[in-house]
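The values are calculated or read from the model by the stated rules, or taken from the named source; none is laboratory data. Everything numeric in this text was worked out from a predicted model, so none of it was measured. Using ideal geometry, Cβ is built from the backbone for each residue, glycine included, and neighbour counts are taken over all protein chains shown.
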Amino acid sequence: MTPVSVRAVTVEDAERAGTVHFTCWVETYAALASPTFWERVSAERSIATWRRLLTEGLDARLAEVDGEVVGVAVATDGGERAGYPPVRARELGNLYVLRAHHGTGAGQALLDAVLPPGTPAQLWAARDNPRALRFYERNGFVPDGAADDGSAFGGIASVRLVR
């Protein structure tokens, strides 16, 4: 197995990071998101968003295998969502790995890079994504009862997990 390397995302990486992020959305949410969600998202918009956020100083990490970007992750300050105030100072905002690289350690490497093991944190995960829920549970995250119906995110219902 080729080793996974993790490094900070730079503005120069915006196209690759945005493309991987969008591809992961398609792989993960194709059956979960509403048709109107897919009408308003695209690889181009994802790339533009990554470019803007990185230019503004976003601290993000990417995972590479043989020089190919296979995943991205971002942790930020905890924020309010669906009327629920944050319960942790840190929040995993994004962690996406291309399906072809699931099981390679890329997701674990990214999580550990943005939220070192044991760091108190919160995250929101798709309620109907059992693979992701199991991954987070293995990393000490448990549901706290907060839920989001997904009305602001294409109908993708989610639950908050904390550790």
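Given the residues Ala75, Ala48, Ala89, which is the only one that is modelled with pLDDT of 95 or more and within 12 Å of the chain's Cα centre (by Cα)?
Ala75
Between a residue in the stretch 62-80 that is in a loop (DSSP other than H, G, I, E, B) and any residue that is β-branched (Val, Ile, Thr) and surrounded by fewer than 14 Cβ atoms within 10 Å (Cβ to Cβ), which pairs come within a Cβ distance under 8 Å, given they are 6 or more apart or on different chains?
Every condition considered, the pairs that remain are Asp66/Thr2.
Go through the residues of the stretch 116-124 one by one and say whether even a single one is of a type in the set (Phe, Trp, Tyr), buried (at least 17 other Cβ atoms within 10 Å of the Cβ), touching a Lys or Arg at 6+ places or on another chain (Cβ under 6 Å) and at pLDDT 95 or above. I'd like the intermediate steps shown before the answer.
First, pick out the residues of the stretch 116-124 that are of a type in the set (Phe, Trp, Tyr): 124.
Going one step further and asking which of them are buried (at least 17 other Cβ atoms within 10 Å of the Cβ), we end up with 124.
This time we only want the ones that are touching a Lys or Arg at 6+ places or on another chain (Cβ under 6 Å), so: 124.
Retained after the next criterion (residues that are at pLDDT 95 or above): 124.
There is at least one residue in the stretch 116-124 that is of a type in the set (Phe, Trp, Tyr), buried (at least 17 other Cβ atoms within 10 Å of the Cβ), touching a Lys or Arg at 6+ places or on another chain (Cβ under 6 Å) and at pLDDT 95 or above.
So, Ala132, is that one among the small types (Gly, Ala, Ser), closer than 22 Å to Tyr29 by Cα, at pLDDT 95 or above and in contact with a helix residue (DSSP H, G or I) (Cβ under 7 Å, 6 or more places away or on another chain) or not?
no
Can you name the condition, by its number, that Leu58 falls short on among (1) within 16 Å of the chain's Cα centre (by Cα); (2) part of a loop (DSSP other than H, G, I, E, B); (3) closer than 24 Å to Val142 by Cα?
Only one criterion in (1) within 16 Å of the chain's Cα centre (by Cα); (2) part of a loop (DSSP other than H, G, I, E, B); (3) closer than 24 Å to Val142 by Cα is unmet by Leu58, namely (3).
Out of Arg51, Arg45, report the one residue that is part of a helix (DSSP H, G or I) and more than 24 Å from Ala106 (Cα to Cα).
Criteria check complete, one pass: Arg45.
So for the stretch 69-77 (the condition being more than 23 Å from Gly155 (Cβ to Cβ), among the charged types (D, E, K, R) and surrounded by fewer than 19 Cβ atoms within 10 Å (Cβ to Cβ)), does at least one residue qualify?
yes
So which of Thr49, Thr10, Thr55, Thr2 ends up being over 30 Å from Gly118 (Cβ atoms), in contact (Cβ under 8 Å) with a residue 12 or more places away in the chain and surrounded by fewer than 16 Cβ atoms within 10 Å (Cβ to Cβ)?
Thr55
Filter the stretch 13-46 down to residues that are of a type in the set (Ser, Thr, Tyr) and over 20 Å from Arg99 (Cα atoms) and give me whichever is surrounded by the fewest Cβ atoms within 10 Å (Cβ to Cβ).
For the stretch 13-46, the residue satisfying everything is Thr36.
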